[in-house]
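The values are calculated or read from the model by the stated rules, or taken from the named source; none is laboratory data. Because the structure is predicted, anything quoted here is derived from the model rather than measured. Positions of Cβ are generated from backbone atoms using ideal geometry, with glycine treated the same way; all protein chains shown enter the neighbour counts. Areas reflect the complete protein model, heavy atoms only, side chains present, ligands, DNA and RNA absent. Shrake-Rupley method; radii C 1.70, N 1.55, O 1.52, S 1.80 Å.
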Amino acid sequence: MTSTGRTDRSLEAILRRERLIIGGCLAAMVLVAWSYLLHLKATMPDMDMPGMVMPEPRDWGVMAVLLLFLMWAVMMVAMMVPSAAPMILTFLTVNHRRQATVQPLVPVGIFLVGYLAVWTAYSAVATLAQWGLHKAALLSPTMASTSPVLSGGLLVVAGVFQWTPLKRACLKGCRSPLSFLLSEWRDGTAGAFVMGLRHGSYCLGCCWILMALLFVAGVMNLFWVALIALFVMAEKILVRGQLVGHVTGVALVTAGAALMAR
């Protein structure tokens, strides 16, 4: 066996080990996020009991808002990291082949930080939206919309969005990790962060309205949190993912129209 062949096999072994490390870290992140959400759900007061209400907006202190923001941020990790894993692992592979670094896993971490920065910003917006909806008396104690018009409108908008060119373009960026990286590649730590931001922006463009549907089902309805997360993954990974999105879009529009009519 030539020295080149031995070197190639050694590099492949190193890459496999790094992929296992990164995959394990991502799985641990998702597990911790879901554990926090389950703990939060278990320790929350029974919001379905008569008389149980959320505090008035004027009574929301800084700590209450920060805890609500933390809930949204952790929820985004639980929902979005699994579907981003193929992109992150592909980034590891491409980065490994393009440049040898002393700490090859560091750029992957920076890429992930950039990706999560986008969803952290979305969490801040969702927190403000929840505060505004509660102030307008449009949320129940279970943090679900009390307005058929609002709920139906969100469903219709989400359904129509599944068929738009913007959705199609953003989904293409998420479904083709290698194409995205080859077209968006930037060297260095700053480059990894920018690529993470770019990929996060594509994912946000795909899924922002789907996350808003939690206001229809209930923000802490973990069944719907899991269902939306699985749908996002199916759109990105399945061969017929775009078709799944289109069929779901029709179903959402139908459900939203029926809810508003009722």
Go through the residues of region 87-99 one by one and say whether even a single one is at pLDDT 90 or above and open to solvent by 20 Å² or more (accessible area, probe 1.4 Å).
yes
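Considering each of LEU204, LEU213 in turn, give the residue that is closer than 14 Å to CYS174 by Cβ and of a type in the set (A, V, I, L, M).
Unique residue meeting the criteria: LEU204.
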Could you say which residue among ALA192, ALA255 is under 21 Å from the mean Cα position of the chain (by Cα) and either at pLDDT 95 or above or not basic (Lys, Arg) (or both)?
ALA192
Give me the pairs, please: first residue somewhere in region 144-167 and closer than 15 Å to GLU235 by Cα, second residue anywhere and open to solvent by 20 Å² or more (accessible area, probe 1.4 Å) and of a type in the set (Ser, Thr, Tyr), beta-carbon distance under 7 Å, and either six or more positions apart or on two chains.
GLN162/THR248
For region 209-262, list the helices (runs of 4 or more DSSP H) that sit wholly inside it and hold at least 1 residues that are buried (at least 16 other Cβ atoms within 10 Å of the Cβ) and polar (S, T, N, Q); which are they?
241-261
Please specify each residue of region 118-131 satisfying the condition of being at pLDDT 90 or above and either open to solvent by 30 Å² or more (accessible area, probe 1.4 Å) or over 30 Å from GLY196 (Cβ atoms) (or both).
THR120, ALA121, TYR122, ALA124, VAL125, LEU128, ALA129
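So, ARG198, is that one part of a helix (DSSP H, G or I), touching a Phe, Trp or Tyr at 6+ places or on another chain (Cβ under 9 Å) and either farther than 24 Å from VAL250 by Cβ or in contact (Cβ under 8 Å) with a residue 24 or more places away in the chain (or both) or not?
So ARG198 passes the test.
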Mind counting the residues in region 1-33 that are modelled with pLDDT under 90 and of a type outside the set (Ser, Thr, Tyr)?
14
What about MET195, is it over 19 Å from THR127 (Cα atoms) and among the aliphatic types (A, V, I, L, M)?
yes
Could you check how many residues of region 132-155 are within 21 Å of the chain's Cα centre (by Cα) and open to solvent by 30 Å² or more (accessible area, probe 1.4 Å)?
1
